[in-house]
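This report concerns only the one structure given below.
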Amino acid sequence: MQVTVKLVASFRLKWFKEATQDYPHGVEILDIVNEIGIPVNELGIVLINGHHASLKDKLQDGDTVSLMPLIGGG
Amino acid sequence: MIILGEKSKNDPSAVLYHRCTIDLDTQTITFEDLPCRNLEDVMGGFGRSFQVLAERKIENAYCRENPLIVNTGLLTGTSVMTGLRAYFSAYSPLKQSGKGLPAAMWSAGSGNFGNKLKWTGIDEVIFENCSRSPVYAVLREGELGPLVELIPADHLLGLSGHEKIMSLQKDYSNAHFAAIGPAGENYQSVYMGAVILSTDNQLKSGEPKNRFAGRGGMGSMMGYKNLLAIVAQSSDKPGKITPAMRDVNHDVLKNGGSARFQPVSQGGGGGTWANIEVLQAFHAVPMNNFRPKGNDDVEQQFRDHVEKDFEVVSEGCYRCGIRCHNNLFNRNPDGSRGPLAAKYDFEPLILFGSNLGLYDAAQTCELIHLCDQLGMDAISLGATLSYVLDYNERHPEKPLFNGATFGQFDAIRALMEETGRGEREEIGKGVKRLSEQLGETSYAVHVKGLELPAYLPETNPGYIFAIAGGHMSMGTHMLLAKEGKCSVEEWVQVITTQGLLQVGYDMLGLCKFVGVGMGHDLIVRATREATGLEFTSAEIVAAVRRAYLRGLALELRQGFEDAEYTLPAQIIDSPNPNVTLPNFITAEFIAQLKLRVWSVFLPEMEGLLPDLD
Ligand code: SF4
């Protein structure tokens, strides 16, 4: 099944901006995060199709996953 | 600070702090060592200064009885990383209740002034009354204790904060400085004057790389008191770096929450600048007076776009490895680094960029630089200017001032300059007063008279319960984007627990960019290693909570009414469909939230303020 992965801010600069790839059915967001090599402790926001999600959520064909670093203000 | 006896490592009354009171009118200077009343006094910053303010009944910020309190935190001047903060507290000329009474405020800044102040041996300076002519104060360490002098400062009048500092530096070696700019001098028409703090980088390079204590008009208070600058002169005494202290600092850098603020080249997130990109993913970056348009215009302010035209250099304060400052330098024709353009952090770059309809980094830099030179708070000025532009767009037939509207750089620049020079008091007194005068308050972006930072009001109902800067005194401004929380229960929970604890950093003397909660073991270890004091996490959390609630109680005493605890009406009357985060704030939501938060806070607030009658 096809999943689009979008990376934001420092993740985009370090890896890529957007990529659509084939993944096995039942793939979890965590599997994709590990495959890219993003340290989990640097992950701030995880979205599936624009909605907040968790790393253990499973993906469906056609989903878009957005991964963003930790943020903070000041 | 003096700690009496070995046995009293967790007894606040065994800790003495050194206060210097300077009567600017009579030029009388007194010193005293005072025992701490509680852990808030020990921790310092606003935790102590608000207890002083609470002892006074002040009905007008510009009155002789309103003190300006300059102090430090317990860990300022120690070897704990980021322990550099200085605090400026007073009843604010800017933040005022509907009844017309000024609110107690504090503002914090880094740089190296706080360290130097602490190292003179003074923990707190109270400036009473007003000087009859312009002066600057020199606080220095002496052989038998701190020494203080007031010196005529007519030669500094009219200079920018940076220029004042560079001028004073010629006469005071081994010193750091707090100064005001023209805006603070024009305190009668500018209520948002900032205090400008020197940094080592500034003094070495001669470039205006300052830090600012901007919120609430503490620079205007200095102007009112005819106090143009403060010099803190002492040798450096940062304290020993023991193995345990090395561990603390290692944890600040590696195991806390500071990675996001560290330079990209160091593997970090690149400071607050990265927030733009994350918020843009939800179309939640303020544009045109906090009304995102749902387009990609702000991408022009993304770091890699800006880097095409400018060199971005990560720099930091004295001995701080977080190095959160993003300084933009022009490029010379041969590609080498040219002069400094501006510091480019999230708040100023949004509030002087997309929120004014400007997307050219060079223009934003010029406005940031001008605001800094004039010495105004970027948040208050930015939010008031964006209101003016919005008003003018809504009233093309009868615009205000020079008719400036979104994207009109030259006209906006002119308004900024005129405001800082004291020629546009309608802007200089902030958005609440201006919008009430014009009878159009719904799109004036402030809460309780203090302009909001560059995080949309519809994303943060926690602003309602911030007691000073909207995002600096209630740590909830990113919660919706981070976690998607939008139920009343979740917001009550966060406001009444970890959200309010953010203010603990403004007691201890550390930067919030350390990024751990007040209950974290790192805070206990840092305190123990730096001072020998042994307070538990629970004691620290309880003290921070009391200090916050005392601030809230002070708001109520200064006349803030229930109706003022709210968000700009526009977000409820006309929600912005372009923001893709959940739209959850309704009048009913706010009513429920307030009911439940007050039911937690009000019983705890009893007895926190002295009886003044
Ligand atoms: S975190 Fe940033 S502002 Fe704070 S001390 Fe370090 S460099 Fe300075």
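The values are calculated or read from the model by the stated rules, or taken from the named source; none is laboratory data. Here the structure is a predicted model, which is why all the values come from computation and not from measurement. Virtual Cβ from ideal backbone geometry, glycine too; neighbours counted across all protein chains shown.
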Considering residues of region B:107-139 that are assigned to a strand (DSSP E or B), more than 14 Å from chain A (Cβ to nearest Cβ) and surrounded by 20 or more Cβ atoms within 10 Å (Cβ to Cβ) only, the residue farthest from the ligand (Cβ to nearest atom): B:VAL135
Report, by residue number, each residue of region B:482-522 that is within 15 Å of the ligand (Cβ to nearest atom), on the phi < 0 side of the Ramachandran plot and in a loop (DSSP other than H, G, I, E, B). B:LEU510, B:CYS511, B:VAL516
Does A:SER10 qualify as being within 13 Å of another protein chain (Cβ to nearest Cβ) and under 11 Å from the mean Cα position of the chain (by Cα)? no
Filter region A:49-74 down to the residues that are hydroxyl-bearing (Ser, Thr, Tyr) and surrounded by 19 or more Cβ atoms within 10 Å (Cβ to Cβ) and list them by number. A:SER66
B:PHE346 vs. criteria modelled with pLDDT of 95 or more and of a type in the set (Phe, Trp, Tyr): no
Go through region B:426-478 and give me each residue that's farther than 23 Å from A:ILE71 by Cβ, in a loop (DSSP other than H, G, I, E, B) and in contact (Cβ under 8 Å) with a residue 60 or more places away in the chain. B:LYS429, B:GLY430, B:THR441, B:SER442, B:TYR443, B:ALA444, B:LYS448, B:GLY449, B:ILE467
If we ask which residues in region B:463-489 are more than 7 Å from chain A (Cβ to nearest Cβ) and acidic (Asp, Glu), their number turns out to be 1
Assess whether B:ASN288 counts as being within 15 Å of the ligand (Cβ to nearest atom), over 20 Å from the mean Cα position of the chain (by Cα) and of a type outside the set (A, V, I, L, M, F, W, C). no
So which of B:LYS170, B:LYS204, B:LYS164 ends up being part of a helix (DSSP H, G or I) and crowded, with 24+ Cβ neighbours inside 10 Å? B:LYS164
Which residues, taken from region B:258-267, are touching a Gly at 6+ places or on another chain (Cβ under 8 Å) and in a helix (DSSP H, G or I)? B:SER258, B:ALA259, B:ARG260, B:PHE261, B:VAL264
Just a yes or no: is a residue in region B:231-251 within 20 Å of the chain's Cα centre (by Cα) and assigned to a strand (DSSP E or B)? no
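For (1) part of a loop (DSSP other than H, G, I, E, B); (2) at pLDDT 95 or above, each residue gets a yes or a no:
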residue: B:ILE572; (1), (2): no, yes
residue: B:ASN578; (1), (2): yes, yes
residue: B:ILE585; (1), (2): yes, yes
residue: B:LEU593; (1), (2): no, yes
residue: B:TRP598; (1), (2): no, yes
residue: B:PHE601; (1), (2): no, yes
residue: B:ASP613; (1), (2): yes, no
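One line per residue, one yes/no per condition, for (1) crowded, with 18+ Cβ neighbours inside 10 Å; (2) within 14 Å of another protein chain (Cβ to nearest Cβ); (3) touching a helix residue (DSSP H, G or I) at 6+ places or on another chain (Cβ under 6 Å):
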| position | (1), (2), (3) |
| --- | --- |
| A:LYS6 | yes, yes, no |
| A:LYS17 | no, yes, no |
| A:GLN21 | no, no, no |
| A:ILE29 | yes, no, no |
| A:GLY37 | no, yes, no |
| A:LEU43 | no, yes, no |
| A:LEU47 | yes, yes, no |
